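Values in this text are rule-based calculations from the coordinates and carry no lab data. Note that the coordinates shown come from a computational prediction; the quantities given were computed from them, not determined experimentally. Here Cβ is always computed from backbone atoms with ideal geometry, including for glycine, and neighbour counts include all displayed protein chains.
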Amino acid sequence: MSALAARFQDELNLARKAQDKAHVLLLGTVLSEIKNREIELQRALVDEDVVEVLRKAIKRRRESVGMYEQAGRTELAAVERQEAEALAVWLPAAPSDDEVRAAVRAAIAAGATNIGAVMGKVMPAFKGRLDGTVINRIAREELGPPT
């Protein structure tokens, strides 16, 4: 078990002792997703794998917020938003836009002329630390309008 997954387990135990049902449910769900990912990969997870599971869980919750708000279910949207925020605390600090922009510029200088090539060169450097949409946005800004 990775150090991050072990911290999740410790936090779950504390939430159980405090009888914080919402926190127990959230942490238990994420731990279940972590264990499922471990089974899927057939190896012990490292912290980067756990961060990937967290990012997916946060993304799912943010998508749910949008759907609930469209349906007029603001109370459910609020719950999903709160869960996403609670999970985001566990993520490592994201790199700054300037750091990403420098990596994108370096990829373009190295010969990447389209969005796919830039993403292919830059994504591995930020895997597990940043959502691809941020890199995509900055890459599009740096490449300029399509010709």
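Calculated mean residue ellipticity, 222 nm, the chain: -25500 deg cm²/dmol, from DSSP H runs (n ≥ 4) at -39500 (n - 2.57) each, averaged per residue and rounded to 500. Could you tell me whether region 3-88 comes out rounded, prolate or oblate from its Cα gyration tensor? Rule is a ≥ b ≥ c as square roots of the eigenvalues, rounded for a/c under 1.5, then prolate if a/b exceeds b/c, otherwise oblate. It comes out oblate by the Cα gyration axes. Compared with the dominant principal axis of the Cα atoms in the chain, helix 115-126 is inclined by about 50°. Taking the Cα centre of the chain as reference, the dipole from Cβ charges on Lys and Arg (+1) and Asp and Glu (-1) amounts to some 180 debye. Simple point charges give the picture: +1 on the Cβ of Lys and Arg, -1 on the Cβ of Asp and Glu, and for region 97-143 a dipole about the Cα centre of about 160 debye. As a rough guide to protection, the peptides 7-14, 50-57, 70-77, 117-124 ranked by mean Cβ packing within 10 Å, highest first, stand as 50-57, 117-124, 7-14, 70-77.
What percentages make up the Cα-Cα pair-distance distribution of the chain when the bins are 10 Å wide from 0? Cα pair-distance distribution for the chain, in percent: 11, 31, 29, 22, 6, 1, 0. Straight-distance candidates among the aspartates and glutamates for linking to LYS59, with alpha-carbon spacing under 15 Å and chain neighbours fewer than 8 residues away dropped: GLU33, GLU80, GLU83, GLU85, ASP131. Considering only GLY144, THR113, GLY72, the residue lying farthest towards the positive end of the dipole of the chain is THR113, judged by Cα position with unit charges set on Cβ. Alpha-carbon geometry of region 97-143: the Rg and the Dmax are 9.1, 25 Å, given in that order. With a cut-off of 15 Å between beta carbons, the residues surrounding ARG137 carry a summed charge of -3, where Lys and Arg count +1 and Asp and Glu -1. The modelled label-to-label distance for the pair ARG137/ALA102, using points 7 Å beyond Cα in the direction of Cβ, is 2.1 nm. For the chain, the longest principal axis of the C-alpha atoms and the axis of helix 3-17 are separated by about 30°. Against the chain, whose longest principal axis comes from its Cα atoms, helix 21-41 is set at around 60 degrees. Using the average count of surrounding beta-carbon atoms within 10 Å as a protection proxy, the listed peptides 23-29, 63-69 rank, highest first, as 23-29, 63-69.
Under the criterion of Cα pairs below 8 Å and six or more residues apart, the relative contact order for region 3-88 equals 25 percent. So how far, in whole Å, is the C-alpha centre of region 68-127 from the one of region 3-32? Cα centres, region 68-127 to region 3-32: 25 Å.
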